[in-house]
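This report concerns only the one structure given below.
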Amino acid sequence: MKTKVDASHSPQRDPLQILRDLVTNEFECAICLDTCTNTNVNPQCGHRFCKVCIELSLSKCKHECPNCRARIPTYRTLRQDAQFDRIVSTYIHTFIVVGNTLSYHLKIIHNQTLTS
């Protein structure tokens, strides 16, 4: 029986694309669709949102999780997730450093190719 190979774990996959996908898919606020900032988590379901986004959502809409509709009785039931914010910040910083380093090395290689 053949098993399907997951291309996302392929050793040939671009490391920058892996980081980009992680930031886009795992760190995204479901309300604003941007990277979460000042993250708040609903302890009932574990979904995370930007503080400003979830406050606005709760004030304008039903007191439900925008992802799964789990009840959020009040804003005070949400928990600030500073550890998640640190993880996001670290990954974004790593993404920038790796991208800049890779770009620098590609320019060097390109210039060496032109002068050879």
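No lab work stands behind these numbers, since they all come straight from the coordinates. The shown structure was predicted, so the numbers you read here are calculated from the model rather than taken from an experiment. Every residue, glycine among them, receives a Cβ derived from its backbone with ideal geometry; neighbour counts consider all protein chains shown.
Remarks
- Charged-residue dipole, Cβ positions (Lys, Arg, Asp, Glu), segment 11-91 about Cα centre, Debye nearest 20: 360 debye
- Projected label points at HIS63 and ILE92, each 7 Å from Cα along the beta carbon direction, are separated by 3.1 nanometres.
- Packing around the peptides 27-40, 72-85, 53-66, taken as the average count of other Cβ atoms within 10 Å per residue, puts them in this order, highest first: 27-40, 53-66, 72-85.
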